[in-house]
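The values are calculated or read from the model by the stated rules, or taken from the named source; none is laboratory data. Keep in mind the model is a prediction, meaning the values are calculated, not measured. Note that each Cβ is placed from the backbone with ideal geometry, even for glycine, and that neighbours are counted across all protein chains shown. For accessibility, only protein heavy atoms count, side chains too; no ligands or nucleic acids. Shrake-Rupley method; radii C 1.70, N 1.55, O 1.52, S 1.80 Å.
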There are 2 protein chains.
Amino acid sequence: MKKVSITIKEIARQLNISKSTVSRALRDSSEISEETKKKVIDLAEKLNYYPNPIAISLLKNRTQTIGVIVPDIANRFYSSAIGGVEDIAYSRGYHTMIYQSHELLERERSASRHIASRRVDGLVVAISSQSENVDHFVSLQEQGIPVVLFDRVSDAMQTHKVRIDDYKGAFEATEHLIQRGCRRIAHIAGPKAVSITRFRLEGYKDALKKYGIDFQEEWVLHTEINQAGGTERTYQLMALRERPDAIFGASDRLTMGIHSALRQLGYKMPDDVAVIGFCDLAMSSLLDPPVSSITQPSFEMGQQATSLLLDLIESKNTLVEFETRVLQSNIVINKSSLK
Amino acid sequence: MKKVSITIKEIARQLNISKSTVSRALRDSSEISEETKKKVIDLAEKLNYYPNPIAISLLKNRTQTIGVIVPDIANRFYSSAIGGVEDIAYSRGYHTMIYQSHELLERERSASRHIASRRVDGLVVAISSQSENVDHFVSLQEQGIPVVLFDRVSDAMQTHKVRIDDYKGAFEATEHLIQRGCRRIAHIAGPKAVSITRFRLEGYKDALKKYGIDFQEEWVLHTEINQAGGTERTYQLMALRERPDAIFGASDRLTMGIHSALRQLGYKMPDDVAVIGFCDLAMSSLLDPPVSSITQPSFEMGQQATSLLLDLIESKNTLVEFETRVLQSNIVINKSSLK
DNA sequence: CTGAAAGCGCTTACAG
DNA sequence: CTGAAAGCGCTTACAG
């Protein structure tokens, strides 16, 4: 298996002109005669020539490629965000390399190393829940590879960030439950170290406060973001002497766990327990009953993060003012919370 | 933003030796004295040097990178297969670039072009349902870039292929329904052009034949592979004068559509209609009732396809005997088909 | 054991 | 308008 590629040299040979001229003609340089240009371009087309991007990368020290690291591509929120990343990247002439951290710091580090060694031009990342330490990303920045954070952001990094208004989303979810008459509202939250966990928890607490409902420590449980976590914590909640009459789940995986645990335990939603979560819309409507949810503009988050990243990559001056964009979530009411 | 990278030249300068010697020392060549080697390696470590893979790619005309094209990374079957691809690729020192075709021929072509221009070493692909024409992949092969097909394969290509025994899976699913007493068994199938659609349809037909049940044209409906397709076709089936008493769905998305349509229409599973599908396990158990399914070893398919691909890439001789590996599916019985 | 030189495919000052 | 030369970062015959 041999890769035989047409090079500029071959075109030059066939046309009996120099490589320089071929190169310039191909790039439509104004200093080449129309006639030469035409000859070169025609032959290039005929031979099905396209430039070797590797040679160009070596020359420019640019790869026209960006990296994305997300915890899990199977998660709809992230696959949709990746869609947004690809959308902007392609339209601006960049390619996208996708990495999964599987929520592991070590995998994130290894992806970072790979990105650095591959001379990727920049990186969009949703930090793994295990990564309290973001030195590997800071180190990328120091090597001149810009990093933009989305969804999961970190205060330890100076850069552009795109996140949703987790506080407001959680506030609205909790307020909705209160307005439907719930008073004993539990919250199954993600890992403490993750920024969005804290924002959502604050929103939940403040909504309770606004309506004069006491905050109860035992009604807030933290867990890993997966279905099993939601299920286990629901067992724990429903085993309490004073049971909650509503559960607010901090992610879609968790909410699926909550949903299946409640059904399995024989509770009716929303009559026994009202449920709302941060969810993917397609998913929530499949469940029985369909689940109310705070939905996030994931595609748009990917777009905005990428657009900020490409601006960073293409800006010559180092002195960019970093910004944090906060997008709005939407609340979608379904049967699971309609007491 | 400047990328300042340590090069072999810099090490040579600091040590006052030649680039050649540095290069050889770093590659642990036997012709370099231990002393020099140590000096070089120590300094390289200190300066945090790592070789520029782009330069090496230019030299070797190899990128140590493979591409994967799947219809949709959000689909669990594919995200899991990608896991298998990454697993083998990483362990053999290759990186993976992931592309989505979104079931569009045009996107698949554009990914192929990108792959060719990036000089990717090889490609693993599950063909888009729209791609009856696979010339873009053949052209890749002709350029010396090996292509291995998995899941969705095509007779129009000579190469390694990895697929599951769709015929047998469909046969077993249908036989199971028959053994539970169903006699009017419908099948909602994928697009006609896709190879697995045909295999599954054959399995369904042959199971009916084995038990002396007449095949009824109107009980087999083709559709795009998405939830809406499953829903629409279920409407159509249940509107028939003679209704089916069982539906066999050809994919998980379709089966989710079948499930939600039946519930919405007021049918009980399995009593009114038994349901079985080609499904992802995690998904089927979330539905109410949980759905019986033919499950596929997706991770393993990704692994095997990649392992075959890397063998192709690394084999010097062109004369490889192409093989088609057929993996076995499993049948998982759940409430939806337990009449 | 070590170095100078050529070359991978391209671009771009520098000459003419 | 066109060409010869240098160089991006590396490897590897070829000399010594």
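Here are some notes:
- Subset of the stretch B:47-61 (residues that are closer than 14 Å to A:S57 by Cα, assigned to a helix (DSSP H, G or I) and either more than 8 Å from DNA strand D (Cβ to nearest atom) or open to solvent by less than 50 Å² (accessible area, probe 1.4 Å) (or both)): B:P53, B:I54, B:A55, B:S57
- Matching option when the condition is under 26 Å from A:M97 (Cβ atoms) and among the polar types (S, T, N, Q), among B:S33, B:S101: B:S101
- Qualifying residue in the stretch B:194-206 (condition: free of Cβ contacts under 8 Å to residues at least 24 places away in the same chain, assigned by TED's automatic domain parsing to the domain that holds B:I276 and part of a helix (DSSP H, G or I)): yes
- Residue satisfying condition, being under 28 Å from B:R163 (Cβ atoms) and surrounded by fewer than 17 Cβ atoms within 10 Å (Cβ to Cβ), within set B:K209, B:K268: B:K209
- Qualifying residue in the stretch B:296-308 (condition: over 23 Å from B:D87 (Cα atoms) and open to solvent by 40 Å² or more (accessible area, probe 1.4 Å)): no
- Listed by first and then second residue, the pairs linking a residue in the stretch B:20-41 that is more than 14 Å from chain A (Cβ to nearest Cβ) and open to solvent by 20 Å² or more (accessible area, probe 1.4 Å) to a residue that is within 6 Å of DNA strand C (Cβ to nearest atom) and in a loop (DSSP other than H, G, I, E, B), with Cβ atoms under 6 Å apart and 6 or more places separating them unless they lie on different chains, are B:R24/B:I32.
- Taken over the stretch B:48-82, residues that are among the small types (G, A, S) and more than 8 Å from chain A (Cβ to nearest Cβ) amount to 2.
- Of the residues examined, A:I11 is one that is more than 14 Å from chain B (Cβ to nearest Cβ), more than 7 Å from DNA strand D (Cβ to nearest atom) and in contact with a Leu (Cβ under 9 Å, 6 or more places away or on another chain).
- Of the residues making up the stretch A:74-82, none is outside any loop (DSSP other than H, G, I, E, B), out of contact with any strand residue (DSSP E or B) (no Cβ under 9 Å at 6 or more places or on another chain) and free of Cβ contacts under 8 Å to residues at least 24 places away in the same chain.
- Evaluating B:F77 against the criteria (1) outside the structural domain of B:S131 (by TED's automatic domain parsing); (2) more than 12 Å from DNA strand C (Cβ to nearest atom) leaves one unmet condition, (1).
- Here is the figure for the stretch A:111-150: residues that are crowded, with 18+ Cβ neighbours inside 10 Å, outside any helix (DSSP H, G or I) and within 19 Å of the chain's Cα centre (by Cα) total 19.
- Pair list, Cβ < 9 Å and 6+ apart or interchain, from the stretch A:84-103 residues that are free of Cβ contacts under 8 Å to residues at least 12 places away in the same chain to residues that are part of a helix (DSSP H, G or I) and surrounded by fewer than 21 Cβ atoms within 10 Å (Cβ to Cβ): A:Y90/B:S110
- All told, A:K339 falls short of being modelled with pLDDT of 90 or more and open to solvent by 20 Å² or more (accessible area, probe 1.4 Å).
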